[in-house]
Structure formats: C-alpha cells, structure tokens
Amino acid sequence: MAADKLSEIEACVLALVSVDGPATPYAIRKVFLHSPNPQWSGSAGTIYPLIERLKRRKLIRTKVFRTGKRRGKRISLTSAGSRAVRSWLSLPVQAWVAGVPPDPLRTRIRFLGVLNPRQRRAFVQDAYQRMQAHVRTIQGDCKRKRGKGGFPYLMARGALLSIQSRCSLLKEVAEAVGVDLRDGIAKEIRADGKKAGTTSTTCSKYERSARSSDPKHVPFALREDIEVTGF
C-alpha cells in the first residue's frame, strides 16, 4: 500500500512498531495517550479500529501470547508494512510536510477583527495562559528524553522550539491588541501607554493607528489589505 494513502497517525503506528519492535495494541495506545501534542488521539476508539484497518490492509500481523492466565496480541510489521514505512520517509519530502504546518491558533488570529477590542484582549490572554501550560508539559517531556538523546529527543526538542515560536507570535499579537504579557500576567495597555485592567474597552495605540487613513501607519497585524496565505 502506498504511504500517501496512510494517515499520519497510521504511518506513525507502523513506524513505532518498525523502530521499537513488536508491541501490544495497548502499548501503542499509551504512546499517543502520553504525547504532549493534543492533536494526537490515544483514545480506544481511535487506536483499536486503526490497528484493525492496518491488519486488513496486510500491513501488520498479530500473534497471540500469554502472560500467566492473561491472553494478549502482539503486533509486528509485514513486508508490506515495512515498505510503507520506508515509503513514508522517502524522497522527495512532500511540500505539505516541509511547508508551513496547519495552526488553528494562527488561523484564529487572522480573524480577530471579528471581535471587539475587549474580546480580542480576552482571547489573547486566555490563549497565552493555556499555551504556557503546554510549554511546561513539553519542557518536561524534553527533559525526560534528553538523557537518552537520539531522534526521540530531537522530536521533543522540535516540539519545544515550535511552541516557543508560537509564544513569540502571540506576544506580538498581544502588543498589537494592547495586552502586556511580559510579566506573565496579561494587562491592557491604554492608549497613553500605561497599564490598566483587562476589562477596559479603551483602544490600544495599535487599534487607534488602524483607524488612520495612512496605511503606512497601520501595523502589519491589523492591515486589512494584506493577503494572509499561511494558516
């Protein structure tokens, strides 16, 4: 089966078995359950039907084993499954893999103009606080894998760098809508540059600039004439 017909999670399951060796369906499920990436689903309703699909496609085989009185199944790759993993990693790297990845937060930032100033600030504050929780989780994952090194650590390191980059973007958005995140607490910046409570509806200096008739004085984040293509 061609790798381009596999979903990313299907290919990852095959690759896990290829690299780590035969595993039980539950062991595979635990890998995704413990992933710091909330977009991976480790639910039983996702992993177990996925394994059955791979088995029907003859990409994996199962072997029954016993541990005491308990009976289980261990998954291994077929020759076709091994070829699918190599094809998934083959050249050329597909454009969607090497390009700008989907980012639902970045997409929502594009449309913050739908909200009023107070709602924009509340959105940024909430996103920042939730993102910081993810940063701490990923830092912990990175720390656990640092000792072993290798590709698992590099993947965790990549996740950390990625979310740090998203934090940098969110700080720029916060500045654009008039929220100060530098001290870890979101506070509104009034038009005079002073901090105020987050409930005020006073427009930030950037939002006031957006009303200017001269587009050169409008910050990039609030320019309406710029086409944004990366979501």
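Residues of region 10-39 that are touching a Phe, Trp or Tyr at 6+ places or on another chain (Cβ under 7 Å) and surrounded by fewer than 16 Cβ atoms within 10 Å (Cβ to Cβ): none at all. For region 23-43, the count of residues that are farther than 24 Å from ASP103 by Cβ, assigned to a helix (DSSP H, G or I) and of a type in the set (Phe, Trp, Tyr) is at least one. Residue check: is LYS55 out of contact with any helix residue (DSSP H, G or I) (no Cβ under 9 Å at 6 or more places or on another chain), over 26 Å from GLY150 (Cα atoms) and surrounded by 13 or more Cβ atoms within 10 Å (Cβ to Cβ)? The answer is yes for LYS55. Region 77-166 holds helices (runs of 4 or more DSSP H) entirely within its bounds, and those carrying 2 or more residues that are in contact (Cβ under 8 Å) with a residue 24 or more places away in the chain and under 20 Å from the mean Cα position of the chain (by Cα) map to 104-110, 117-146.
Any read-out appearing in this document is the output of simple, stated calculations on the displayed coordinates, not a laboratory observation. Bear in mind the structure is a predicted one, so any value in this text is a computation, not a measurement. Every residue, glycine as well, gets a Cβ built from its backbone with ideal geometry; the counts of neighbours run over all protein chains shown.
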